[in-house]
Amino acid sequence: MRATDRAGETFQARFERRWGHLTHPRVRALAWLLDSPDLLDPASPHWGGRIASLPAVTPAVAAWLDALQRDPAPLDGALGPKFYSRLGLYAEKLLAFYFEQQGLLQAHGLQVQVNCNDTVGEFDFLLRDGDDLLHWEFATKFYLLEGTPDPGIFNHLIGPNLADTLGLKMRKILDKQLALARHPAAQDLLAQPVRAAQALVKGWLFYASGTMPGMDGISPEHGHGFWCTPAQLPGQRYVILPRLQWLAPYKGREVDVLEVDALRAQLCDLAQPVMVASVDHIDGWDVERTRGFVVPATWTEQAAARRLAGALPI
């Protein structure tokens, strides 16, 4: 998978060229999950072969997505009417629907308990692999690079709300969550042996304007954007992206599109980072060109202080 198929083409442009006909938000998000570049490089020795990658989208899967665009009822039925406040759970549900439809899903969200009051962990996905199972942990993450990258540690890649870092997240997945199948309490739940345990990680990384250092372990083709303060926003037209629209490049109608001065005014007293997308108006649709986080003026200092103090939770 390449972030650019043509010289100078962004991932957003490539996605629109291939999937522009997908305008149903859930179908579009599912297409992004299946066709976006990996966040982490599965081939990097840094991960020891424990990073999973989805296969390239086949013509049959593309036709299946087209059918869902025409009639999204099966997808809507699988997700149900509830409002998803957690982006990670929403993405998990979308991916579970795909695995189930492909005949690969053995279990999703299977809890491992020692007793009714002691839950050891939960398998995100158990996937059929011939006579064996694959255990996949799944994460959809968004991190901002603060400062100079720390090779192999990734604690300079910080969540917008200062809730975690990529380094802390991956250590938890690799050291704890991927070991779940070896726990004695898991054995009775597994009808087949687990051949491999891997992490599938999707998402976007965000960089201060004009910077994008290469990092070993990060996919060279990963989706990326910018971060800046309100005063640093480039002079473009923007939409503010709600959390459930953080996955796929934005495409919508009848939303508030703000000129840069209006957006700056709206975000002048910003307390938490906000994701925005710059958009072009094309054939009646507002289509994402770039995306980024607008952060409070003090965000850099807060992120550095919490990282250096070890105050970012594991």
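The values are calculated or read from the model by the stated rules, or taken from the named source; none is laboratory data. All figures in this text were calculated on a predicted structure; none of them were measured in a lab. Neighbour counts are summed over all protein chains in view; Cβ atoms, including those assigned to glycine, are modelled from backbone coordinates with ideal geometry. Heads up: the accessible areas ignore ligands, DNA and RNA and are worked out on the full protein's heavy atoms, side chains in. Shrake-Rupley method; radii C 1.70, N 1.55, O 1.52, S 1.80 Å.
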Q | Neighbour net charge for residue 208 - beta-carbon separation under 15 angstrom, K R +1, D E -1 | A | -1
Q.
Report the gain in length on full extension from residue 85 to residue 132: 0.36 nm times residue separation, minus Cα-Cα distance, nm rounded to one decimal.
A. 13.5 nm
Q. So how far, in whole Å, is the C-alpha centre of region 248-297 from the one of region 186-229?
A. 25 Å
Q. Over region 236-314, what number does the Rg to Rh ratio reach, with both radii from the alpha-carbon atoms and Rh per Kirkwood?
A. 1.07
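Where only protein heavy atoms count, and the probe is 1.4 Å, what is the accessible area per residue for the chain in Å²?
46 Å²
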**Q.** Share of pairwise Cα separations in the chain, more than 38 Å, in percent
**A.** 15 percent
Q) Each residue of region 13-18 in order: what ³J(HN,Hα) in whole Hz does its phi give by Karplus 6.51 cos²θ - 1.76 cosθ + 1.60, θ = phi - 60°, with x for Gly and Pro? A) 5, 5, 4, 5, 5, 8
Q. In whole percent, how big is the carbon plus sulfur part of the accessible area of the chain, probe 1.4 Å, protein atoms only?
A. 52 percent
Q: Using a cut-off of 12 Å between beta-carbons, work out the net charge of the residues near residue 239 (Lys and Arg +1, Asp and Glu -1, residue 239 not included).
A: -1
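Per residue, how big is the convex hull around the C-alpha atoms of region 5-129? Give it to me in cubic angstrom, could you?
Value for region 5-129: 165 Å³ per residue.
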Q: Compute the length gained on full extension between residue 253 and residue 196: take 0.36 nm times their separation in residues and subtract their Cα-Cα distance, giving the result in nm to one decimal.
A: 16.2 nm
**Q.** Using θ = phi - 60° and Karplus 6.51 cos²θ - 1.76 cosθ + 1.60, couplings along region 64-73 (whole Hz; Gly, Pro as x)
**A.** 5, 5, 4, 5, 5, 4, 5, 9, x, 3
(Q) Amide H of residue 125 versus every other amide H placed in the peptide plane: which residues, excluding those fewer than 5 positions away on the same chain, fall under 5 Å? (A) 109, 136
Q. Which residues' amide hydrogens lie under 5 Å from the amide hydrogen of residue 225, considering only partners 5 or more residues apart or on another chain, with H built in the peptide plane?
A. 205, 206, 207
**Q.** Two-decimal ratio, region 124-257, of alpha-carbon radius of gyration to 2.2 N^0.38 Å
**A.** 1.33
Q: List every residue whose amide H lies under 5 Å from the amide H of residue 51, counting only residues 5 or more places away in sequence or on a different chain, with H placed 1.01 Å from N in the peptide plane.
A: 199
Q. Using the reciprocal of the averaged 1/r over all distinct C-alpha pairs, how large is the Kirkwood radius of region 220-265 in Å?
A. 12.4 Å
Q. Can you tell me the Rg and Dmax of region 130-200, counting just the alpha carbons, in angstroms?
A. 15.5, 47
